[in-house]
Amino acid sequence: MDAEGKEKIKDDKEISRIPVGELKPGMYLHDLGLDWLRHPFLTNSFYLDAPSINKIRQLGVDHVWIDESKKVEQDKVEEKNSEEAVRSKQGKRPKSKKVVPSLEQAQETTLEARETVQELFRGVYHQEEFPNFKGLQSTADELLTSVANNPAAMLSVGRLRTRDGYTYEHSVNCGVLMMIFASFYGLGEYHVRTLGIAGFLHDIGKVRVPNEILQKPGALTDEEFTEIKKHSSHGYQILKDTPGIPEKALEVARLHHERVDGKGYPDALPESKIPFEARLAAIVDVYDALTAVRCYKDGMTPTQALRQMMAEAGAKFDQNLFKRFIKCIGVYPPGSIVRLSNGQLGVVENVSRENSAKPIVRVVYDIEREEHIDPPRVINVSRENGLSVISSESLTDWAFLEERLLVSGNSQAHVNG
Ligand SMILES: [Fe+2]
């Protein structure tokens, strides 16, 4: 340690251990020396500004690691952090043991995640002293790998629903959708993972809402609706009292029902006060809820849900964010059943880079000839002259094709972006 209280550990990178009291805006934080679940920041390394220095002071750490070779002027901090985010998108994809997880692997990962979330919700419901929040971190890591390497497979698998597993399926789907979008949006790995966790936990407050209200098939009375609305505050409270939950997950649990028209709950916040993560959660929450099958209803097709949300986008959702969401998952998201203009029926395997309304489709049936297409063919609609998608279809209308339409392919393509 030198006379200034700084300790150089690697001369080539100029990493120094600096007392928190000496931090200044413009310094580059190399490492907080804390597990990622223990601090509220989106990434582990970034340029410091006054608010982030304040937050570090509140964490109760004495020293942090600073890369002194990367110091910038105070007014360049925001710009430099944005550049880092872009670089992170380009270069820091998580590595997978297997380069492209197959649909079957994506399914396995998703089912395991649903079990973890179910166990966690149960633990909180039974007020266990240490519900398995830690397990969420490894679940998030597993999903992060699958989302990075085959987001289309993860979207397709999310379409597989049961009538009685709504809460867990919805929670995992929201986490996965948030991760897919965050990745598409160019956010760093840490932020993507944090959003995944925020998605898994956004509705955890529902464990404190009476089951008969949650499961009620018909319209809710005013009193019942008031009871349901409390879940966002309950969720915030549960997570706040749990050590190690990222601050963004608390925010999402509390604010995912706020709406940009200022008519949401619990605080009826105006758009400018709703954080990005909560605006994104609002979109994925409604999208997934509309497409879910429940004990009392069939779900909309993804395209129907997007259309309905588009009609409401200006009033309820962040319009720009919603447009980007559609660009990310496509007009016909993976897993959608589509009828093509040549009379063939298929399932969307992936979004096409060329045109988000002309996906990559595995065609399995010729509707006009009433014949199976054997073996099924994978075509990129955007590359077939004159071919287009004319409608999205419901699986219930094609139940006899169920096996052929559900997960069985293994496209290596990507979600648009
Ligand atoms: Fe909710």
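Let me know the volume per residue of the alpha-carbon convex hull for the range 101-186, in Å³.
84 Å³
Report the rotationally averaged projected area of the chain based on its alpha-carbon convex hull, in square nanometres.
22.7 nm²
Before rounding to the nearest 500, sum -39500 (n - 2.57) across all DSSP H runs of length at least 4 in the chain and divide by the residue total; then give [θ] at 222 nm in deg cm²/dmol.
It comes out at -13500 deg cm²/dmol, rounded to the nearest 500.
Quick one: of 323/358; 76/240; 229/273; 70/248; 216/323, which pairs are farther than 24 Å apart, Cα to Cα?
Cα-Cα > 24 Å for 76/240; 70/248; 216/323; rest within.
Using DSSP to call loops (not H, G, I, E or B), can you name the chymotrypsin sites (Phe, Trp or Tyr not before Pro) in the range 295-346 whose Cβ has at most 15 other Cβ atoms within 10 angstrom?
Loop-located and lightly packed - 296.
Using a ≥ b ≥ c from the Cα gyration tensor of the range 103-329 (square roots of the eigenvalues), is it rounded, prolate or oblate, where a/c under 1.5 gives rounded and otherwise the larger of a/b and b/c decides, a/b for prolate?
Because its axes are fairly even, with a/c under 1.5, the range 103-329 counts as rounded.
How far is helix 103-125 tilted off the main Cα axis of the chain, in degrees rounded to 10, range 0 to 90?
In the chain, helix 103-125 runs at an angle near 60 degrees to the longest axis.
For the chain, find the longest principal axis of its Cα atoms and tell me its angle to the long axis of helix 302-316, 0 to 90°, nearest 10.
50 degrees
What residues have an amide H closer than 5 Å to that of residue 264, excluding those fewer than 5 places away on the same chain, when H is modeled at 1.01 Å from N in the peptide plane?
Sorted by chain and number, the residues that satisfy this are 259, 269.
For helix 77-91, report the angle its Cα long axis makes with the longest principal axis of the Cα atoms of the chain; keep it between 0 and 90° and round to the nearest 10°.
So the helix axis and the longest Cα principal axis differ by about 50 degrees.
Values quoted throughout were computed directly from the atomic coordinates according to the rules given, and no laboratory measurement underlies them. Since we're looking at a predicted model, the values are computed, not measured. As a convention, Cβ positions derive from the backbone with ideal geometry for all residues, glycine included, and neighbour counts pool all protein chains shown.
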